[in-house]
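J.: Starting off with a structure, shown below.
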Amino acid sequence: MFSVLSLLALLVSSITGLPVEVHNSLITLPMTRRLTFSNVTDILRDDEARMAAFREYSTIGPRAGVDVPLSNIGTGYTVAVNVGNPPITYNLIVDSSSSITWVGARNPYVSSTGVNTGEPVEVNYLQGINTGELVEVNYLRDSLTFTNGLSITEMPIAVASTPLGFDGLLGIGPQMSSLGALQNQNLREDTIPSVTDYLYMNNAIRQGVVSIFFQPVVRGVVNHGQLTFGGTDPAYSDKLKYTPVTPIPPLSRYWGINQRIIYGNTEIMPYTTGIVDCSCIFLYIAPDAYERYKDATGGIVNPANGLLQISTTKYNALRVLKFHIGLEVYKLNSNAQIWPRSLNYMVNGYDDDIFLVVRSLDTGVRHAFIIGYVFLQRFYTVFDSDRSRVGFARTEFTAAITNF
């Protein structure tokens with residue numbers, strides 16, 4: 001379904017409602033991942049919806065704002081925030097493909113401090129791929145409180161006009177991802193700052209940087225992560241290597257980077273441009289690169305879920321998948337290339353099945369890859385708006401054996 005959302009401005013205050021000033025420091029918030037998929041349709045549809053939106057945006061540009069597809073809350077790490085007065089708590093999915101933060105899709109937005117500016121805003125949220133409706137609402141202002149008491153003044157956020165079954169999004173994408181969302185003719189070329197941008201603009205943080213730390217998914221465990229605004233965790237700062245965001249649109253509006261992929265000693269994808277997206281689950285590569293990977297691994301497409309399936313013998317023979325990003329090489333070992341077997345029930349698999357996490361992009365998508373959660377859970381990731389770059393660092397989970 002399509003829902004067009006209105007914008008609000010966020011004001012971060014303390015739990016008691018009093019402003020809390022945080023200047024030039026790191027702001028670290030806990031994240032929790034909850035896997036709530038009911039079946040394979042949910043988990044695959046979510047990624048396919050995101051690809052459909054990327055494809056439409058790259059083809060038609062910002063005609064109706066930035067398309068941010070969502071089908072359920074099962075795919076996301078969430079951060080708790082309080083909005084309005086009296087404050088309502090929302091668990092917002094962290095989304096790196098959009099700068100727009102929005103609330104109210106599950107718990108209705110009710111606030112005595114919201115101010116309607118009368119500016120129409122249009123942002124398409126995709127639930128399902130082929131059906132939906134378009135609803136238009138207005139640009140508002142209100143207050144928001146992070147659980148650590150952080151205070152911000154007048155930061156844009158959207159309020160959903162249609163229930164979607166989850167609370168909303170915390171946008172940490174580049175500001176240009178919102179190009180075209182403001183529908184007023186005078187504002188058509190304006191953009192909407194992300195949480196990171198707004199904190200930086202208001203001197204709450206020293207750098208326009210947000211960093212993400214994930215933990216690999218394990219069945220029955222509530223996985224925790226960490227979201228840091230204003231810099232990086234000192235434990236990983238010395239290990240970080242950066243690569244610039246591509247200057248070429250439309251991927252320059254996202255966290256678009258260049259990379260080359262090698263499986264073992266065989267190049268399966270030459271240097272090309274794609275997207276880093278923490279809300280995508282799988283690792284997507286261009287169809288020709290996918291076919292090379294499929295042939296090299298001996299994977300066979302499982303008709304029940306569309307994932308490549310291999311035997312135990314072929315798993316033991318898997319080679320390292322190497323990502324040449326900037327001057328650094330990041331490696332996924334054999335364990336990192338497979339879907340967690342403890343979660344096979346979520347993809348219509350049996351306990352002993354082995355599925356690979358590399359999937360093929362649609363032929364209509366103009367970028368060559370999407371680096372999703374299955375990669376990012378192995379590396380500390382930095383999105384630097386200030387210097388227009390993305391950074392990665394190895395963590396204790398980079399080579400961990402968690403999936404077999």
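J.: Please calculate how many Å² of accessible area region 265-401 carries per residue, with a 1.4 Å probe and no DNA, RNA or ligand atoms counted.
T.: Working: 5210 Å² over 137 residues.
With the other protein chains kept in place, region 265-401 gives 38 Å² per residue.
J.: Could you give each residue of region 300-306 its phi-based ³J(HN,Hα) in whole Hz, using Karplus coefficients 6.51, -1.76, 1.60 with θ = phi - 60°, and x for Gly or Pro?
T.: Calculated HN-Hα couplings, in order: 10, 5, 7, x, 7, 9, x Hz.
J.: Tally up the carbon and sulfur contribution to the accessible surface of region 240-346 as a whole percent, 1.4 Å probe, everything protein left in place. Can you show the working numbers first?
T.: Working: 2280 of 4170 Å².
Carbon and sulfur together cover 55 percent of it.
J.: Which whole-Hz ³J(HN,Hα) couplings does region 321-327 yield from phi under the Karplus relation 6.51 cos²θ - 1.76 cosθ + 1.60, θ = phi - 60°, glycine and proline marked x?
T.: 9, 10, 10, 8, 10, x, 9
J.: Going through the cross-link list K294/K314; K241/K294; K239/K322, which pairs have a Cα-Cα distance over 22 Å in this structure? Can you show the working numbers first?
T.: Details: K294/K314 12 Å; K241/K294 30 Å; K239/K322 18 Å.
Among K294/K314; K241/K294; K239/K322, the Cα-Cα distance tops 22 Å for K241/K294.
J.: Quick one: which residues, 5+ away or cross-chain, put their amide H under 5 Å from the amide H of N348? H built at 1.01 Å from N.
T.: Distant-sequence amide H within range of N348: V40.
J.: If amide hydrogens are placed 1.01 Å from N in the peptide plane, which non-local residues have theirs closer than 5 Å to the one on G104?
T.: A160
J.: Long-range amide H contacts for M31: which residues qualify at under 5 Å (H placed 1.01 Å from N, peptide plane, sequence gap of 5 or more or a different chain)?
T.: Residues meeting the criterion, in which the H sits 1.01 Å from N, are G225, Q226, L227.
J.: Which peptide among 167-180, 254-267, 318-331 comes first, and what is the full order, when sorted by highest mean count of other Cβ atoms within 10 Å?
T.: Working: 167-180: 26.4, 254-267: 19.1, 318-331: 17.4.
Descending packing order for the listed peptides: 167-180, 254-267, 318-331.
J.: Which whole-Hz ³J(HN,Hα) couplings does region 103-110 yield from phi under the Karplus relation 6.51 cos²θ - 1.76 cosθ + 1.60, θ = phi - 60°, glycine and proline marked x?
T.: Values per residue, Gly and Pro as x: 9, x, 7, 10, 7, x, 7, 9 Hz.
The values are calculated or read from the model by the stated rules, or taken from the named source; none is laboratory data. Since the model is a prediction, treat every value here as computed from it, not as a measurement. Note that we place each Cβ from the backbone using ideal geometry, even for glycine, and neighbour counts take in every protein chain shown. To get the accessible areas, we keep the full protein, side chains included, count just its heavy atoms, and leave off ligands, DNA and RNA. Shrake-Rupley method; radii C 1.70, N 1.55, O 1.52, S 1.80 Å.
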